[in-house]
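Student: Sharing a structure, written as structure tokens. Questions coming.
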Amino acid sequence: MIATGKMQGKVALVTGGGGAIGGASARLLANEGAKLLVADERPETAKSVAQEIIDAGGDAEHIAIDVADPVQGKAAVAAAVSAFGELHVLVNVAAAVTPDAPVDELSLEEWNRAFAVNLTGPFLMSKFAVPEIRKAGGGAIVNMASQLGTIGVPNRSAYCTTKAALIHLTTILAAEVADDNIRVNSVSPGVIETPRTRRRFDTAEEFHASRGKLHMLGRVGQPEEIANAVLFLASKESSFVTATNLLVDGGYIYLKRQPGENGNT
Ligand SMILES: NC(=O)c1ccc[n+]([C@@H]2O[C@H](COP(=O)([O-])OP(=O)(O)OC[C@H]3O[C@@H](n4cnc5c(N)ncnc54)[C@H](O)[C@@H]3O)[C@@H](O)[C@H]2O)c1
């Protein structure tokens, strides 16, 4: 493990840390010296990411939480502080999988769940983490938004709306905590190759053919390319960056589309 990494001496909590982008982010932060609490509603995946970090010589714990539950969110922040003494970085990655459906067919339950996990989750985690990060002398919060928080696509109303609101929440929180030496930013990935995006396709070839062309760069992204952005925003390399939404989308949102041609993830 690197003794002089960009995150040396820092403690980070990553929600959705058992998933593709959250896991890649947790591993990279740890590889740069951070101590990690990997939080996910799927304890087995959180545990395996934490174990990979430990096997690589790092420091990590895991916890099972539903970020939509204030009791569990508070417990996760307390667990990070209890395990590692303080908290400097919160990365909000957890998001619900919401079915594709037009507004008139999307159930209220699915709509509410998307908001509870994708928006209320980061609100709650930030609410509990800010006092600890403040106590530690400052740090960073990184919210995983989406390119679809900037441009909406049909049949994804709940997802797109929660991500747009998360980008907005990011700027407001950034203003509230700037004096505490806490920077708050969001990352907006394009289509990243993860089980979440692959699930719509039978084969890898179909996935790449359909989704790659939605980007100027002509391909989908990889979780590690998003982790690099998380590391940048979590570390002092971005010391003059706050309240921003960093698009890591291969040019997705500015690609000229034909009339009627929709993007998606
Ligand atoms: N994959 C993409 O193309 C893409 C594009 C734009 C944005 N994003 C965003 O990136 C993030 C990660 O996406 P991914 O593709 O790695 O997905 P993923 O499904 O691999 O990871 C999400 C993780 O969040 C966890 N989770 C879900 N609900 C939770 C809850 N209530 N409490 C705690 N954990 C919970 C899941 O168990 C999973 O491990 C999401 O916020 C997603 O919206 C992904």
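The numbers here are math on the coordinates, done by the rules we state, and not lab data. Since the model is a prediction, treat every value here as computed from it, not as a measurement. Cβ atoms come from the backbone with ideal geometry, glycine included; neighbour counts cover every protein chain shown.
Student: Could you check the simple spin-label distance between Ala64 and Glu86, using points 7 Å along Cα→Cβ, in nm with one decimal?
Tutor: Calculated label separation equals 3.3 nm.
Student: So who's got an amide H within less than 5 Å of the one on Val184, skipping anything under 5 residues away but keeping other chains? H placed 1.01 Å off N, in plane.
Tutor: The answer is Ile141, Ala243.
Student: Whole-Hz ³J(HN,Hα) for each residue in segment 86-96, computed from phi via Karplus 6.51 cos²θ - 1.76 cosθ + 1.60 with θ = phi - 60°, x for glycine and proline: what do you get?
Tutor: For segment 86-96, the Karplus-derived couplings read 7, 9, 10, 9, 10, 10, 8, 10, 4, 8, 6 Hz, x marking Gly and Pro.
Student: Need the full-extension length gain, Phe240 to Glu52, defined as separation in residues times 0.36 nm minus the C-alpha distance. One decimal, nm. Before the final figure, lay out each step's value.
Tutor: On the way: separation 188, 0.36 × 188 = 67.68 nm, distance 3.21 nm.
Full extension of this stretch gives 64.5 nm more.
Student: Once you place label points 7 Å from the Cα toward the Cβ at Gln8 and Asp202, how far apart are they in nm?
Tutor: Distance between label points: 5.3 nm.
Student: Hydropathy at least -0.5 by Kyte-Doolittle, axial extent at least 15 angstrom from the Cα trace: which helices of the chain, defined as entire DSSP H runs, fit?
Tutor: Values: long enough: 20-31 (16 Å, 0.81); 43-55 (18 Å, -0.32); 70-84 (21 Å, 1.07); 121-135 (22 Å, 0.11); 157-177 (30 Å, 0.98); 223-234 (16 Å, 1.03).
Correct list, ordered by number: 20-31, 43-55, 70-84, 121-135, 157-177, 223-234.
Student: Continuing with this model, one more query. Which FRET efficiency, nearest 0.05, do Asn228 and Leu108 yield, Cβ-Cβ r, R0 30 Å? Display every interim value, and only then the final one.
Tutor: Values: r = 38 Å, r/R0 = 1.26.
Approximately 0.20, to the nearest 0.05.
Student: Given the Cα atoms of the chain, and with Rh set as the inverse mean 1/r over their pairs in the Kirkwood sense, what is Rg to Rh to two decimals? Mind dumping the intermediate values first?
Tutor: Numbers: Rg = 17.6 Å, Rh = 18.4 Å.
A ratio of 0.96.
Student: P(r) for segment 184-259, please, calculated from all Cα pair distances in 10 Å bins and given in %.
Tutor: Values per bin, smallest distances first: 19, 42, 28, 10, 1.
Student: Loop by DSSP (not H, G, I, E, B), at most 13 other beta-carbon atoms within 10 Å: where is the longest site-free stretch of the chain for chymotrypsin sites (Phe, Trp or Tyr not before Pro)? Intermediate values should be presented prior to the final figure.
Tutor: Numbers: sites that count: Phe240, Tyr254.
No qualifying site falls inside 1-239, the longest such stretch.
Student: Taking every DSSP beta bridge that has both residues in the chain, what percent is antiparallel when rounded to the nearest 5? Mind showing how you got there, number by number?
Tutor: Numbers: 0 of 29 bridges.
Here the share of antiparallel DSSP bridges comes out near 0 percent.
Student: Per residue of segment 147-155, in order, report the coupling 6.51 cos²θ - 1.76 cosθ + 1.60 (Karplus, θ = phi - 60°) as ³J(HN,Hα) in whole Hz, putting x for Gly and Pro.
Tutor: 4, 7, x, 9, 10, x, 10, x, 6
Student: Pick from Ile133, Ile226, Ile54: which residue has the top mean-square fluctuation in a GNM of the chain where Cα pairs under 10 Å get a spring?
Tutor: Comparing Ile133, Ile226, Ile54 in the GNM, the peak value goes to Ile54.
Student: Taking a spot 7 Å from the Cα of Ala178 along the direction of its beta carbon, which residues of segment 225-260 have an amide N less than 13 Å from it?
Tutor: 240-244
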